[in-house]
Amino acid sequence: MKTKKELKKEIIIQAALELFSKKGFYTTTIPDIAQSLKMSVGNMYNYFKSKDILAKEIIKHISHYLGEQLKSINEKEISTEEKTKQIVAVYFETANLKPEMIDYFLRVFLSNREVFKEGCEGMICVNDFVTEIMIYFEDGVKNGELRDQDFFSAFGLFMGYLGGMVFLKGENILPNNLDSYIDDISNNIYKALKV
Amino acid sequence: MIELIEKIEGEAKLNFSFKNKKIDFVDIEFLSSRHIENILKGKNPLDALVINPRVCGICNHAHLIATVQALENCYEDIEVSQKAKIARELTLNFEIIQNHFKWIYLTLFPLLGFKQNIKGATYPSQLMAKAIATIAGQYPHNSYAIVGGIVSEITTNDLIKMENYLDEVIKFYQETIVNADIEDFLVCDSIEKILNANGDLPLILNTLKNKKISKIGKSFDRFIAFGDNSYFKSGRGVKTKINHNINVKYVNEHLNKNSYAKNVKFKNYYYEVGALSRAMINKTPLIKDSHRRYQDSIFSRILARICEIPQLLIHSKKLISQINLEEPSYIKPKKDISKLNASGVGIIEAARGSLIHKVNIKENKIIEYQIITPTQWNLSNGSKYDLGISQKAMAGLEDTKLAQIVFKSFDVCSVCTTH
Amino acid sequence: MKLLWLNLLSCNGNVHSFLNYPNIENFLKDFTFIYHPTLDTSYSLKDIVSKDIDCDVLLIDGTLEDGHTKADVDIKEIINKYGQKVKKIITVGTCASFGGIFLNDESTKYGLHFRQKVEHDRYEQFKEKTINISGCPIHPEILVNTLYSIKKEYHLKLDLYLRPKEFFATTIHNGCTRNEYFEYKIDNHKFGNLEGCMFYDHGCQGPYTNGSCNKILWNEVNSKTRVGHPCMGCTEPTFPKENLFETKTNMGIPQYLPLGVPKRAYLSLAGVAKAFTIERFHTKING
């Protein structure tokens, strides 16, 4: 059960994400976010002491959100091929339902490293998500479905591909909805990684 | 008449047949095997470094060094630093020294009517085990020698510790084996001097004389040693005629019906291996003197074994001073062993004599592995018309008790022989 | 207290490890061997198998094999005879405990109550009084201290494999001098160096092998992992595994994780640790 404070934090994060997506990360201020929620700025600082801290909490929140989804897929007794498809589906579904989340990840987290350089070194803040991807890979190799290889090569292939597709969608270049690409993309990924 | 010989790192059965109240022929039977050569088939080559020490609990380190040399010999061209080579020779020396002390005080003493001397056997052995553990981690059963060198980095402190252990054993040797300065002993070339000294060595030799058994146990006076290192020289000899030109390709094993041990010959002859052989080939003055009087009887055999202790102690100190710590302990082979299709041989001198390992590897698996242990040489079970070394040594004796003394003078290792 | 040390399919490594016990002369004053493979005893092997000699503890060393005989008597007969009369049975070493290195995939070979991880009931009547001291070889202090515990009638808690928890509840990892490299997930180990942890690449089984090697040192001075030699898991029922000098990974993740650590916990910690480069762990200690 989440506490009232945790629930409130989530509401703030959601509001922040939407504003960052609409107005841009640097132009959005804490007062902007507070106003959109009809909160006082002082109260806002009770939940997040600074914009930088908010920024890091957001990425952990996203990682945790995606991580939980991936964890339930990982725990299913299905083939790695099927897991691949479900992971791609979850990613694209999130991109559809909560575009501000993926948007934040690509345009804020990846592109403004200086904001995250202290407190989010390496992949710490996306730990939940990365751990689940590691488990997906490891189970796949253990089951004899995926080729044993360097983790980063496989990770880059998977994440780069997905991120690329979402980026194209964001730029309105893709003719169709992301959903319609799930089969082809998960097939390509699985074929590239399998034994 | 069948006698079960016990406490020879296992057991063996000697079947004596008598003629005119003297031993006419002895059939030697070893009773069980763990089939290690079979266990090795299909295994990863490097795993042999872990499996082979388990051939034997008292000379496990010898098997390790022979294994790593056999694997390295599979390469056309592999670099191992001098530092690693010296380290391997050192730890092997420590094991040999430990073997000799145990044999004197646990095996030889009771044979000659004395009680086992537990301290004599264990005190120096524990010190030598510590010396090995200093750079190999533990003793018994380590695999610190790997293809390309050794796993451990050696520090100045390690060198100091190993030398201190050697010094303590030297002190013990001087207190118990021969009460004389060890350096004087090493250049001694007269049996008389030893017999008139104090200590357990003169005690043993004088006991042999008093019991009038100094001259028993003579065999063919044929010696062989294959392991070359900075102290031992390979070669073979008949009496004092030594030839350094030998090749392991002329070594052949033969199955022995009813026994788990195989016989082994060089160019169709049985040869003795061990400390006496090494001393004859190296032309050690004191042993030459003994051989002049007693040929290859138990007197010479026992003396040669005990004399190796101070030789190896002093030589080991020299080796320590030669180690260059700046050299790498390990040099990664340019080609991984999993890529080789080759065969190799590793030969070293273990406490009881030459130990030969032959390996054949292909596609990261051991296709075949052959181990020939020193006791197989000495205790080859030949026929009445082609006697093995110990069989010849026991023939003509009047009772089985004397035969046991002769048999155990070769220091039998049952587990090695049958592996 | 009277002890019978019975060697079966053994290399004698346990005997020689035992002889490395520092206070062995005192030990021999407190215990009597009615038979021992190397030390002088009042009885010969032939006496032991043919007569009924008084005995308090039976020590079984080496792999058991169907039909194996000692002095022409089937070992089953010998084990049953002495197993019944003794207070305790100790399996000395991994071979007698689990089958060990000489199993050679043959079903006719096994440990006293276990064949690797599988329990069998060939000597079921003796399970209650058995203590397994695994190890290849055994650590002399563990054997001797267990014998003293029996003599003094201390109660020994045993794990599921009948090993005394006092010595086998901890892992080999406990006390290794290379722990710092493990803690911070530094996977730069190269052979021949003082630095580095062998768990990531070179097959060290320390984090998931039960024993006390880095707590009670070997020969009172050292241990394998301290010198840079990977732990080979010799106290475990699965000894020996294969490719012992290599760590099996699945896309970079070790197949076998530290004892009791869930995969997600390990990976999360690994992920965090890998975010940082700690200079000290990438420089030579003696450099």
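In summary, residue C:54 fulfils each of the numbered conditions (1) farther than 22 Å from residue C:128 by Cα; (2) surrounded by fewer than 18 Cβ atoms within 10 Å (Cβ to Cβ) with the single exception of condition (1). The sole residue among A:92, A:116 that is more than 12 Å from the chain's Cα centre (by Cα) and within 25 Å of residue A:25 (Cβ to Cβ) is A:116. Inside the range C:237-265, residues that are over 22 Å from residue C:195 (Cβ atoms) and either within 14 Å of chain A (Cβ to nearest Cβ) or touching a residue at least 40 places away in the same chain (Cβ under 8 Å) (or both) make up a count of 18. Does residue C:112 qualify as being touching a Ser or Thr at 6+ places or on another chain (Cβ under 6 Å), under 22 Å from residue B:39 (Cα atoms), modelled with pLDDT of 95 or more and hydrophobic (A, V, I, L, M, F, W, C)? Yes: the conditions hold for residue C:112. Only one of the numbered conditions (1) surrounded by 24 or more Cβ atoms within 10 Å (Cβ to Cβ); (2) within 12 Å of chain B (Cβ to nearest Cβ) is not met by residue C:173, and that is (2).
Any chance the range A:107-118 includes a residue that's in contact (Cβ under 8 Å) with a residue 24 or more places away in the chain, more than 14 Å from chain C (Cβ to nearest Cβ) and farther than 28 Å from residue C:269 by Cβ? For the range A:107-118, residues in contact (Cβ under 8 Å) with a residue 24 or more places away in the chain, more than 14 Å from chain C (Cβ to nearest Cβ) and farther than 28 Å from residue C:269 by Cβ: present. Annotation: of all residues in the range B:14-33 being farther than 30 Å from residue C:64 by Cβ and aliphatic (A, V, I, L, M), the one that is farthest from the other protein chains (Cβ to nearest Cβ) is B:23. When the test is whether a residue is in contact with a strand residue (DSSP E or B) (Cβ under 8 Å, 6 or more places away or on another chain) and part of a helix (DSSP H, G or I), residue A:158 does not pass it. If you go through the range C:111-126 one residue at a time, how many are within 11 Å of residue C:91 (Cβ to Cβ) and out of contact with any Cys (no Cβ under 9 Å at 6 or more places or on another chain)? The qualifying residues number 5. The set of residues in the range B:53-93 being more than 10 Å from chain C (Cβ to nearest Cβ), buried (at least 24 other Cβ atoms within 10 Å of the Cβ) and within 18 Å of residue B:353 (Cβ to Cβ) consists of B:61, B:62, B:64, B:65, B:66, B:67, B:70, B:92, B:93. In summary, residue C:89 fulfils each of the numbered conditions (1) in contact with a helix residue (DSSP H, G or I) (Cβ under 6 Å, 6 or more places away or on another chain); (2) within 14 Å of another protein chain (Cβ to nearest Cβ); (3) buried (at least 20 other Cβ atoms within 10 Å of the Cβ) with the single exception of condition (2). Looking only at the range A:13-26, decide whether some residue is in contact with a His (Cβ under 7 Å, 6 or more places away or on another chain), part of a helix (DSSP H, G or I) and more than 14 Å from every other protein chain (Cβ to nearest Cβ). Yes. Looking at residue A:141, is it within 8 Å of chain C (Cβ to nearest Cβ) and out of contact with any helix residue (DSSP H, G or I) (no Cβ under 7 Å at 6 or more places or on another chain)? Answer is yes for this residue. Would you point out which residue out of B:36, B:8 is within 21 Å of the chain's Cα centre (by Cα), within 10 Å of another protein chain (Cβ to nearest Cβ), crowded, with 22+ Cβ neighbours inside 10 Å and farther than 19 Å from residue B:346 by Cα? That would be B:8, the only listed residue that is within 21 Å of the chain's Cα centre (by Cα), within 10 Å of another protein chain (Cβ to nearest Cβ), crowded, with 22+ Cβ neighbours inside 10 Å and farther than 19 Å from residue B:346 by Cα. Whether any residue in the range B:112-120 is facing chain C (nearest Cβ under 7 Å), over 30 Å from residue B:73 (Cα atoms), among the hydrophobic types (A, V, I, L, M, F, W, C) and out of contact with any Lys or Arg (no Cβ under 8 Å at 6 or more places or on another chain) is what I want to check. Yes, that holds for at least one residue.
Among residues of the range C:269-282 that are farther than 22 Å from residue A:60 by Cα, those with a Cβ under 8 angstrom from a residue that is of a type in the set (Phe, Trp, Tyr), sequence gap 6+ or separate chain, pair up as C:278/C:184; C:281/C:181; C:281/C:184. In the set (1) facing chain B (nearest Cβ under 8 Å); (2) under 24 Å from residue C:281 (Cβ atoms), the condition left unmet by residue C:196 is number (1). Please work out if residue C:63 is surrounded by fewer than 21 Cβ atoms within 10 Å (Cβ to Cβ) and not aliphatic (A, V, I, L, M). Against the criterion (surrounded by fewer than 21 Cβ atoms within 10 Å (Cβ to Cβ) and not aliphatic (A, V, I, L, M)), residue C:63 does not qualify. Condition test on residue A:114, is it modelled with pLDDT under 90, surrounded by fewer than 13 Cβ atoms within 10 Å (Cβ to Cβ), out of contact with any Cys (no Cβ under 8 Å at 6 or more places or on another chain) and part of a helix (DSSP H, G or I)? Taking the combined requirement at face value, the residue satisfies it.
The rows are residues; the columns are (1) at pLDDT 95 or above; (2) outside the structural domain of residue C:286 (by TED's automatic domain parsing); (3) part of a helix (DSSP H, G or I); (4) in contact with a helix residue (DSSP H, G or I) (Cβ under 6 Å, 6 or more places away or on another chain).
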| site | (1), (2), (3), (4) |
| --- | --- |
| C:176 | yes, no, no, yes |
| C:195 | yes, no, no, no |
| C:225 | yes, no, yes, yes |
| C:230 | yes, no, no, no |
| C:243 | yes, no, no, no |
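Can you find, within the range C:216-236, the residue that is nearest to the other protein chains (Cβ to nearest Cβ) among those that are surrounded by fewer than 20 Cβ atoms within 10 Å (Cβ to Cβ) and under 14 Å from the mean Cα position of the chain (by Cα)? Checked the range C:216-236; the qualifying residue nearest to the other protein chains (Cβ to nearest Cβ) is C:217.
The set of residues in the range B:313-346 being farther than 19 Å from residue B:148 by Cβ and in contact with a helix residue (DSSP H, G or I) (Cβ under 8 Å, 6 or more places away or on another chain) consists of B:313, B:314, B:315, B:316, B:317, B:319, B:320, B:322. Criterion applied to A:83, A:76, A:2 was being within 25 Å of residue A:165 (Cβ to Cβ) and assigned to a loop (DSSP other than H, G, I, E, B), and the one residue passing it is A:76. For the range C:131-158: of the residues being hydroxyl-bearing (Ser, Thr, Tyr) and surrounded by fewer than 20 Cβ atoms within 10 Å (Cβ to Cβ), which is nearest to the other protein chains (Cβ to nearest Cβ)? It comes out as C:148.
The values are calculated or read from the model by the stated rules, or taken from the named source; none is laboratory data. Predicted model only: the values in this text are computed from it and were never measured. Every residue, glycine as well, gets a Cβ built from its backbone with ideal geometry; the counts of neighbours run over all protein chains shown.
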